[in-house]
Amino acid sequence: MLAPLGLDPVEEEIYRQLVASRRACAAELAAATGRSDAAVRAALAGLVERGLTGMPGDAPAGGDPVFVPAPPAVALNALLRQRQDDLRQAESDVAALAEQYRTADLAPGVIEVIADIDTVRRRFFQIQEAARHEVLSMVPPDLRVVPHRENTAEQASMKRGVRYRALLDRRALSAPDMQADIRASMSLGQEIRIVDAVPVKMMIVDGEIAMLPLHHDADGSPASILVHRSGPLAALIAYFESAWERAYPLRPAPAPDEVTELSGGELEDGHMQVLALLLSGQTDQAIATQLEISLRTVHRRIRQLMNAAGVDTRVQLGWAAARNGWA
């Protein structure tokens, strides 16, 4: 039963006998199992190499060495974890070979397939670090390979003058700390617009290279592709720009401790953020949660917006916001 951990039948039998007797020499183990002295000694050598047995400190000097078993819960679990690690590595290698087989006929120089998660993360940062002009991105609700807060290359690139434009899936607004992340990004100059749904995570750098997942289904695979300058890349850029034109611009939220009120008929930051989230389709409760204000405050600000616009319904507020240039 221990063969999956790398033990042959003789080694397993000797180890089990040691566990039962707690300590024994080779001759005693040979007598108990009916194995030859040579077979027992070979098995003991294998068990010692795997850390499954050893000689106690109180063993008498001289004569046939005495062996004691390592605790099964410790020694066998260590072997089990090593086997699990080996299986995961083998699984990754099989996936890489499968992707290589599936993509062998793709046009060379246009499509580059990356299956290893460490390589995917490294290339994700590298293409941003090489950006000179602009980075376009589409952000789904669930970022697995590189979560938003781990994208340190984004901040570094914006600080050196690279323009960032992001299409954000509406559902991503409800993620924990998303408003703080949005404020931080927009304070550096990132432009963010909201869409109902982002079909796939994608990043396009300088109009020269795009990076997106290889698999469209949510199977958790990190495999990605790099699309270099080509017809497919032009189509991806055109899709982004079309979605960008239809998306709703997001305004930065004020910090939670900022207090803003409507005065003199002018809209201030707190009201603009409520309006932006309202027009992007968020519920009143979702707006309150994201801005870290009470539901009552949300209702009050919406009423103040409607009074400022001179309208009676939220639908009319949307038209007034567009007409007055608030949106």
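Count of region 276-292 residues, restricted to those that are open to solvent by 20 Å² or more (accessible area, probe 1.4 Å) and either in contact (Cβ under 8 Å) with a residue 12 or more places away in the chain or in contact with a helix residue (DSSP H, G or I) (Cβ under 7 Å, 6 or more places away or on another chain) (or both), is 9.
Matching residues to (1) touching a Gly at 6+ places or on another chain (Cβ under 7 Å); (2) modelled with pLDDT under 90; (3) at positive phi:
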residue: Leu29; (1), (2), (3): no, no, no
residue: Arg41; (1), (2), (3): no, no, no
residue: Leu52; (1), (2), (3): no, yes, no
residue: Asp58; (1), (2), (3): no, yes, no
residue: Gly62; (1), (2), (3): no, yes, yes
residue: Pro71; (1), (2), (3): no, yes, no
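So for region 30-39 (the condition being without any contact (Cβ under 8 Å) to a residue 60 or more places away in the chain and in contact with a Pro (Cβ under 8 Å, 6 or more places away or on another chain)), does at least one residue qualify? For region 30-39, residues without any contact (Cβ under 8 Å) to a residue 60 or more places away in the chain and in contact with a Pro (Cβ under 8 Å, 6 or more places away or on another chain): absent.
Working carefully through the options Gln273, Gln290, Gln285, find the one that is under 28 Å from the mean Cα position of the chain (by Cα) and at pLDDT below 85.
Numbers: Gln273 fails: under 28 Å from the mean Cα position of the chain (by Cα); Gln285 fails: at pLDDT below 85.
Going through Gln273, Gln290, Gln285 in turn, just one is under 28 Å from the mean Cα position of the chain (by Cα) and at pLDDT below 85: Gln290.
Results for (1) in a loop (DSSP other than H, G, I, E, B); (2) open to solvent by 50 Å² or more (accessible area, probe 1.4 Å), shown as yes or no for each residue.
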{"position": "Met1", "(1), (2)": "yes, yes"}
{"position": "Val10", "(1), (2)": "no, no"}
{"position": "Ala42", "(1), (2)": "no, yes"}
{"position": "Asp64", "(1), (2)": "yes, yes"}
{"position": "Ala73", "(1), (2)": "no, yes"}
{"position": "Ala78", "(1), (2)": "no, no"}
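The values are calculated or read from the model by the stated rules, or taken from the named source; none is laboratory data. What you see is a predicted model; the values in this text were computed from it and never measured. Neighbour counts run over all protein chains shown; Cβ positions are idealised from the backbone, glycine included. Please note that ligands, DNA and RNA were not included when accessible areas were found on the heavy atoms of the full protein model with its side chains. Shrake-Rupley method; radii C 1.70, N 1.55, O 1.52, S 1.80 Å.
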